[in-house]
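Worksheet: the structure to be examined is printed underneath.
The values are calculated or read from the model by the stated rules, or taken from the named source; none is laboratory data. These numbers come from a predicted model, not from an experiment. Here the Cβ positions follow ideal geometry from the backbone for every residue, glycine too, while neighbour counts run over all protein chains shown.
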Amino acid sequence: MKVNVYVTLKPGVLDPQGKAIHHALEGLGFAGVDDVRAGRFIEMEVADDVSDADLDAMCGKLLANTVIENYRIERA
Amino acid sequence: MKTAVIVFPGSNCDRDMAVALETVSGRAPAMVWHRESALPEGTDFIALPGGFSYGDYLRSGAMAARSPILRAVIDAAGRGVPVLGVCNGFQVLAEAQLLPGALMRNAGLNFVCRTVPLTVENSQSLFTAAYGAGETIHIPVAHHDGNYFADRATLDRIEGEGRVAFRYADPVNGSARGIAGVLNDAGNVLGMMPHPERAIDPAHGGTDGLRLFEAALGVLA
């Protein structure tokens, strides 16, 4: 089955890349963008019997750095 | 002194580190490949060099921190063996949770490559004992992801415990509280973004990095 993992910066962690993207959008003339934060999207193909606990451990041990990032797991 | 330099695919300061260790200790370090599961018997100083281990895939230092040799490094650190991580080595130590915090993209988004002034904040550690407290030294930096981040409680704790070894004297990369180098709680692991191994010979333009190796390798006069 397909599993999607969304890794995002924790609230309060400064995101210079998001800021640069925001400025670039403004430079292209798009108005009304209040804030941009950039994250990472990871798609995995896993066996159906991989447990939620294992998926959680994969995120906590490698896919996200929980000092600065949150993650969300979605079985697609 | 038996020293070792850990070499990852993508390390590029491993030779510079080896030159520094050999110059100061008089003995060439063992160059230990990331796939090894053990350090040479009797290793009593470990250096993690700068570079772009594993192409900075996922996050800088993330893959190296999970490589086989790191388990041996973590064990050795736990036994009190001194471990120095420079630049990418610092990122690896943070990813391996041997040091608190994380190194994020520089606040200005630019790769910063120049010699910067550092303030020695802790002159009591085994790495910094040859510097004076509050002394300003000049060491080159060369990094894209050197913006040190930790939550406020962690920053307060490491500052309170004297674990900030070096601070940037001027803003460089957006690091929280200007932190350039951090010690672990036992004081035997140091991670720093600036490259002391690039400041050990007058031909480098400065020799302020030399005293770090002299102190850490126990060869002070």
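When you check B:Ile69 against the structure, is it β-branched (Val, Ile, Thr), closer than 16 Å to B:Leu190 by Cβ and either in contact with a strand residue (DSSP E or B) (Cβ under 7 Å, 6 or more places away or on another chain) or crowded, with 23+ Cβ neighbours inside 10 Å (or both), yes or no? Spell out how you get there, then give the answer.
Working: β-branched (Val, Ile, Thr): yes; closer than 16 Å to B:Leu190 by Cβ: no; either in contact with a strand residue (DSSP E or B) (Cβ under 7 Å, 6 or more places away or on another chain) or crowded, with 23+ Cβ neighbours inside 10 Å (or both): yes.
Taking the combined requirement at face value, the residue does not satisfy it.
Determine which member of the set B:Ala77, B:Ala142 is more than 14 Å from chain A (Cβ to nearest Cβ), in contact with a Lys or Arg (Cβ under 9 Å, 6 or more places away or on another chain) and farther than 26 Å from A:Ile42 by Cα. Outline the logic, then answer.
Values: B:Ala77 fails: in contact with a Lys or Arg (Cβ under 9 Å, 6 or more places away or on another chain).
Among B:Ala77, B:Ala142, only B:Ala142 is more than 14 Å from chain A (Cβ to nearest Cβ), in contact with a Lys or Arg (Cβ under 9 Å, 6 or more places away or on another chain) and farther than 26 Å from A:Ile42 by Cα.
Name the single residue, out of those in the stretch B:80-106 being away from every other protein chain (no Cβ under 13 Å) and small (Gly, Ala, Ser), that is surrounded by the fewest Cβ atoms within 10 Å (Cβ to Cβ).
Here the residue is B:Gly80.
Among the residues in the stretch A:36-48, are any surrounded by 10 or more Cβ atoms within 10 Å (Cβ to Cβ), assigned to a helix (DSSP H, G or I) and either within 13 Å of chain B (Cβ to nearest Cβ) or under 10 Å from the mean Cα position of the chain (by Cα) (or both)?
No, the stretch A:36-48 contains no residue that is surrounded by 10 or more Cβ atoms within 10 Å (Cβ to Cβ), assigned to a helix (DSSP H, G or I) and either within 13 Å of chain B (Cβ to nearest Cβ) or under 10 Å from the mean Cα position of the chain (by Cα) (or both).
Can you spot a residue in the stretch A:4-25 that is exposed (fewer than 14 other Cβ atoms within 10 Å of the Cβ), assigned to a strand (DSSP E or B) and away from chain B (no Cβ under 14 Å)?
Yes: one or more hits.
What is the residue count in the stretch B:118-163 for residues that are of a type in the set (Val, Ile, Thr), more than 16 Å from the chain's Cα centre (by Cα) and farther than 23 Å from A:Leu14 by Cβ?
Residues meeting the conditions: 1.
Name the residue that is modelled with the highest pLDDT, counting only residues in the stretch B:107-119 that are more than 7 Å from chain A (Cβ to nearest Cβ) and part of a loop (DSSP other than H, G, I, E, B).
B:Phe111
Note down all Cβ pairs under 7 Å where the first residue falls in the stretch B:122-141 and is over 15 Å from B:Leu84 (Cβ atoms), the second is crowded, with 18+ Cβ neighbours inside 10 Å and basic (Lys, Arg), and they're at least six residues apart or on different chains.
B:Pro140/B:Arg198
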